[in-house]
Amino acid sequence: MYNAMLELDKEDYEVLHELYFKNTSIHRLARSIGVSRATVRWRRDKALKRLKKIILKQVKNLRLKELEKDNSKYFVVALTKISI
């Protein structure tokens, strides 16, 4: 996940880092950066959506690399169950 966080733009990274790694409250973060709590929630939601896309892309790339290494039926079945 840390690698995915590094792919975010600075604003998205900072919002998620403050809220989830430093456990800063939405209220406190809003006051410290001079925006409303609604704006912080909007930025958080936007950043989480972007992070999800990045992670899904990384997982897809990892799956493709693994499939190239091992084409066994067992591995394909396991991946299918994970994606369901």
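Okay, residues lined up against (1) farther than 30 Å from Glu14 by Cβ; (2) surrounded by 14 or more Cβ atoms within 10 Å (Cβ to Cβ); (3) modelled with pLDDT of 95 or more; (4) in contact with a strand residue (DSSP E or B) (Cβ under 7 Å, 6 or more places away or on another chain):
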{"site": "Ala30", "(1), (2), (3), (4)": "no, yes, yes, no"}
{"site": "Ile55", "(1), (2), (3), (4)": "no, yes, no, no"}
{"site": "Gln58", "(1), (2), (3), (4)": "no, yes, no, no"}
{"site": "Leu64", "(1), (2), (3), (4)": "yes, no, no, no"}
{"site": "Asn71", "(1), (2), (3), (4)": "yes, no, no, no"}
{"site": "Tyr74", "(1), (2), (3), (4)": "yes, no, no, no"}
{"site": "Ala78", "(1), (2), (3), (4)": "yes, no, no, no"}
{"site": "Ser83", "(1), (2), (3), (4)": "yes, no, no, no"}
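Taken over region 20-39, the residue count meeting the criterion of being hydrophobic (A, V, I, L, M, F, W, C) and under 23 Å from Asn3 (Cα atoms) is 1. So, in region 35-47, of the ones that are more than 13 Å from Glu18 (Cα to Cα) and of a type in the set (A, V, I, L, M, F, W, C), which residue ends up surrounded by the fewest Cβ atoms within 10 Å (Cβ to Cβ)? Checking each candidate, the answer is Ala38.
The values are calculated or read from the model by the stated rules, or taken from the named source; none is laboratory data. Predicted, not measured: the structure shown is a model, and the values here were computed from it. So basically every Cβ, Gly included, is an ideal-geometry build from the backbone, and we count neighbours across all protein chains shown.
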